[in-house]
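Visitor: Quick one: structure below, then a few questions.
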């Protein structure tokens, strides 16, 4: 679902973090990721716009992205 949604958008940086990888622990802490799946949207300055559960389908995920474009 992540990759399918990602393919619909250009000019937006999509990043997956492996929460089991210790090298990502600082980012997980910074964005309060305590469970997965989790979606965090940031603006160009790194400010959090959205931080909540992941979406169950491409259409819902894309609609949420469009709210912040």
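Readers should treat all values here as calculations from the given coordinates under stated rules, not as data from a laboratory. This is a predicted model, so every value here is computed, not measured. Note that we place each Cβ from the backbone using ideal geometry, even for glycine, and neighbour counts take in every protein chain shown.
Visitor: Report, in whole Å, the centroid distance computed from the Cα atoms of region 18-45 and region 52-69.
Guide: Each part reduced to its Cα centre gives a spacing of 17 Å.
Visitor: How far is it, in nm, from the label point at residue 58 to the one at residue 24 when both lie 7 Å from their Cα along the line to the Cβ?
Guide: Roughly 2.3 nm, to one decimal.
Visitor: I've got another one for you. Per residue of the chain, what 222 nm ellipticity follows from adding -39500 (n - 2.57) for every DSSP H run with n ≥ 4, rounded to the nearest 500?
Guide: Numbers: 3 runs with 22 residues, N = 69.
Value at 222 nm, helices only, nearest 500: -8000 deg cm²/dmol.
Visitor: How far, in degrees from 0 to 90, does helix 58-68 lean away from the longest principal axis of the Cα atoms of the chain, to the nearest 10?
Guide: Helix 58-68 sits at roughly 80 degrees to that axis.
Visitor: How much length would be gained if the chain were fully extended between residue 48 and residue 31, taking 0.36 nm per residue of separation minus their Cα-Cα distance, in nm to one decimal?
Guide: 5.3 nm
Visitor: Points 7 angstrom from Cα along the Cβ direction at residue 3 and residue 17: gap in nanometres?
Guide: 2.2 nm
Visitor: Same structure again: Please compute the alpha carbon radius of gyration of the chain, then divide it by the globular-protein estimate 2.2 N^0.38 Å. Two decimals is fine.
Guide: Details: Rg = 12.1 Å, N = 69, 2.2 N^0.38 = 11.0 Å.
Against the compact-globule rule of thumb, the ratio is 1.10.
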